[in-house]
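Here the structure comes first, spelled out in structure tokens, and everything after it is commentary.
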Amino acid sequence: MCNIYYVNINGLDLNLLLAFESLVDERHVGRAAKRIGLSQPAFSNALARLRTRLEDPLFIRTSQGMIPTPRAEQLAGPIRSALAQLRKTFEAPQTFDPSASAQRFRIGMSDDVELHLVSLFARSMLSGELQMQTRRLDWLFTVPESDLRNGTLDLAIGYFPDARYLSSSFIMETLSEENNVVIARRGHAMWKRKLTLQRFTRLDHAAVIYRNQPWGLIDNELAARGLRRRLRLALPHCLSVLHAVASSDLVACIQESVVKSFGKGLNLLSCPEPLGLPPFALRMVWHRQRNDDPAQIWLRKLITRELGLKAASKSLS
């Protein structure tokens, strides 16, 4: 049975919604109050008024911070969308000046993409009072639509399927293409003769595995052909895989750009993978609601330019 809520919005103070949005983001009363320029007592008073108006506690205090109730989770997206439209109408500047902004950006991405962009973020966030928070994607090949829709994330960057599989509420841009290669340390027995698919499956493997299940894309591809590899070490970070392979007789199938950029000095060699996988397309996705936001446009151009320069450098190497 679903609950139906009726709220009379006549006379509703919009500042209460600003307090709600701030606490949804910050999960901490002190930080949320500072963000919207209220004292902590005034903020607590505003929250109490909104709780009374909506007949729900809205946030529960826990050791992890102020956690939204199911009712608050339900309201977060629509309230954020309504406030964003009001800001666009009354506040939004026509240009974005990073040196005069305290904008906070949130981006979901895979760890290999983060490695390529971390220097850019570190340099760019020194302007004004800008802030950047990156978050690892829960699934490497799945767009986090819910987080983009409710504003928990401004952007997501990953190896996503093309836009045919995406809701019309989102916009997607292809940034680059990425090939996988097999890596092993110099002197590994693998290099003594050609790497066939059968030899590939008999080697001891390390791999980047995101979630709890002990398999990944390569294992799924092999299973479709009735094959299985010897996955001996599953790690959550691609740099850890590079070091594991460099210090052992393990091999790995990993993004070529990661090896070229971060494998230097590890005495690693690489060759094409024997499965014949198509290149992975690296794509950036954002909600259509934030498409015309000047700050978001600035951020997207920054990322596109950086990854474009890296792709051009890769093609020349």
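Throughout, read-outs are computed from the coordinates displayed, never taken from laboratory work. All values derive from a computational prediction rather than experimental measurement. When we count neighbours, we look across all protein chains shown, and the Cβ atoms used for this are built from the backbone with ideal geometry, even at glycine.
Kindly provide the chymotrypsin sites (Phe, Trp or Tyr not before Pro) of the stretch 127-185 that DSSP labels as loop, not H, G, I, E or B, and whose Cβ sees at most 14 other Cβ atoms within 10 Å.
TRP139, PHE141
Subtract the Cα-Cα distance of ILE297 and GLN131 from 0.36 nm times their separation in residues, and report this length gain in nm to one decimal.
Between ILE297 and GLN131, full extension yields 58.2 nm more.
Quick one: if you stick a label point 7 Å off each Cα along the C-beta vector at ARG232 and SER63, how many nm between them?
In this crude label model, ARG232 to SER63 measures out at 3.8 nm.
Search the structure for amide H atoms under 5 Å from the amide H of ASP204, placed 1.01 Å from N in the peptide plane, and list their residues when 5 or more places away or on another chain.
The answer is VAL251.
Based on Cβ point charges of +1 for Lys and Arg and -1 for Asp and Glu, what charge dipole magnitude is obtained for the chain about its Cα centre, in debye rounded to the nearest 20?
940
When the chain is treated as a GNM, springs tying every alpha-carbon pair under 10 Å, which of GLU21, GLU129, GLU173 comes out with the largest mean-square fluctuation?
Sorting by GNM fluctuation, first place goes to GLU129.
Ratio of the chain's C-alpha Rg to 2.2 N^0.38 Å, to two decimals?
That works out to 1.20 for the chain.
Can you give the net charge of the other residues whose Cβ lies under 12 Å from the Cβ of ASP219, counting K and R as +1 and D and E as -1?
+3
If you rank LYS88, LYS264 by fewest surrounding Cβ atoms within 10 Å, what's the result?
Ranked by crowding around the Cβ, least crowded first: LYS264, LYS88.
How big is the Cα convex hull of the stretch 14-90 in projection, averaged over all directions, in nm²?
Its average projected convex-hull area is 4.9 nm².
Taking 41 Å as R0, compute the FRET efficiency from the Cβ-Cβ separation of SER99 and THR52 and round it to 0.05.
With a Förster radius of 41 Å, E is 0.45.
For a test of the definition: using alpha carbon positions, the gyration tensor, and the 1.5 limit on a/c, classify the stretch 33-192 as rounded, prolate or oblate.
Note, shape of the stretch 33-192 comes out prolate.
Under 9 Å from the Cβ of LEU203, count the other residues' Cβ atoms, weight Lys and Arg +1, Asp and Glu -1, and hand me the total.
Net charge in that neighbourhood comes out at +2.
Note the per residue figure in Å³ for the convex hull of the C-alpha positions in the stretch 180-272.
86
Please list, in order along the stretch 276-291, the HN-Hα scalar couplings obtained from phi with the Karplus expression 6.51 cos²θ - 1.76 cosθ + 1.60 (θ = phi - 60°), rounded to whole Hz, x for Gly and Pro.
Karplus values, whole Hz, x for Gly and Pro: x, 5, x, x, 7, 8, 8, 10, 10, 10, 8, 6, 4, 4, 9, 5.
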